[in-house]
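Take a look at the structure below.
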Amino acid sequence: MDAPVLPVAGRVVAISGASRGLGRAIAERLHADGYTLSLGVRDPDATARRLGFDPERASVHRFDAEDAETAGSWIAATIARHGRLDGLVNNAGIFRKVTFEEGGEADLDALFAINVKAPYRITKAALPHLRAAGHGRIVNIASTDGKRVRDATASLGYVMSKHALVALSHATKFASWEDGVRVTALCPGAIETQMIASVPGATPAGNRLAPETVAELVSLLMRLPDTATISELVVNTRLEASY
Ligand SMILES: NC(=O)c1ccc[n+]([C@@H]2O[C@H](COP(=O)([O-])OP(=O)(O)OC[C@H]3O[C@@H](n4cnc5c(N)ncnc54)[C@H](OP(=O)(O)O)[C@@H]3O)[C@@H](O)[C@H]2O)c1
């Protein structure tokens, strides 16, 4: 039988987009849990100053989702610095409004570059190390918009990108299951961050998820044993038909 939960000490987790918002809350939670962290962000110096983590247990590296080389260089720097990789949180993401009337090709390209292609690249670079670690864990921060189309006001571009991220999660699961890697598409509803400050139709401010609540779920997913696999975790802020 598996141990009830995985140990924390000595395990290294990489998190993209930890500069602010949900990524920062996840980094703070996992650091408090006792993990060693490798943070991939656009401005490493500013993030290192803002988070103020013990450098013995955290490193901050340049990762820009629109600069393809930085996915591999961040993961390589993680291995050079910490010697192993046990967990990956693909968190960095953007929202743009793209419907049949609003937005355009440039917005769609940005949504797919940052929300889909970058997680694919990071996963590809990280998988050999996650396989080698045993009990590797990947949490992809998708959205309820990765599970359904809310209504006609939703950003079709964002919805398509998050559905693609859920598909990437399942594909990664099949690619790495035999090596003990477990993958979750975490699909939260509205979270109180800058991202949705002006998104029409989003859950009203008083009813949104706190970033710390979602970080709590990531903390749990990192500790669950191989026999307690959660491939999709949908978190609703309001009543929905199916999810
Ligand atoms: N807020 C919600 O309601 C909600 C709900 C469900 C899922 N999500 C998902 O949760 C994740 C985090 O979102 P959030 O709410 O925390 O948004 P946020 O406050 O806007 O933060 C976005 C994060 O992504 C990073 N990022 C953006 N573009 C990047 C790029 N080109 N390269 C590297 N990093 C980049 C940002 O870094 P900089 O500081 O450098 O800009 C920031 O750290 C996203 O994947 C989002 O889709 C959000």
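Where a number appears in this text, it was derived from the coordinates with a stated rule and is not lab data. Because the structure is a prediction, the values reported are computed rather than measured. Heads up, the Cβs are rebuilt from the backbone with ideal geometry, glycines too, and the neighbour counts pull from every protein chain shown.
Things to note:
- Reduced Cα scattering model of the chain, Debye log10 I(q)/I(0), q = 0.11, 0.16 Å⁻¹: -0.53, -1.15
- GluC sites (Glu not before Pro) restricted to DSSP loop in region 69-112 with at most 16 other C-beta within 10 Å: E101, E102
- Sorted by Cβ neighbour density within 10 Å, fewest at the top, the residues S143, S59: S59, S143
- Taking θ as phi - 60° and the Karplus parameters 6.51, -1.76 and 1.60, the scalar couplings of region 225-242 work out to x, 4, 7, 10, 8, 10, 6, 9, 10, 9, 10, 8, 9, 8, 5, 10, 4, 10 Hz in sequence order, x denoting glycine and proline.
- Between G72, G17, G103, the Gaussian network model of the chain with springs among Cα atoms under 10 angstrom shows the greatest mean-square fluctuation at G103.
- Evaluated with a Cβ-only charge set (Lys, Arg +1; Asp, Glu -1), region 12-235 carries a dipole of roughly 320 debye about its Cα centre, given to the nearest 20.
- Annotation: the antiparallel percentage among DSSP beta bridges lying fully within the chain is about 0.
- Here the simple spin-label model places points 7 Å from the Cα toward Cβ, and for A80 and T153 these points are separated by 4.9 nm.
- Reciprocal mean inverse distance between Cα atoms of region 66-170 - Kirkwood radius, Å: 14.6
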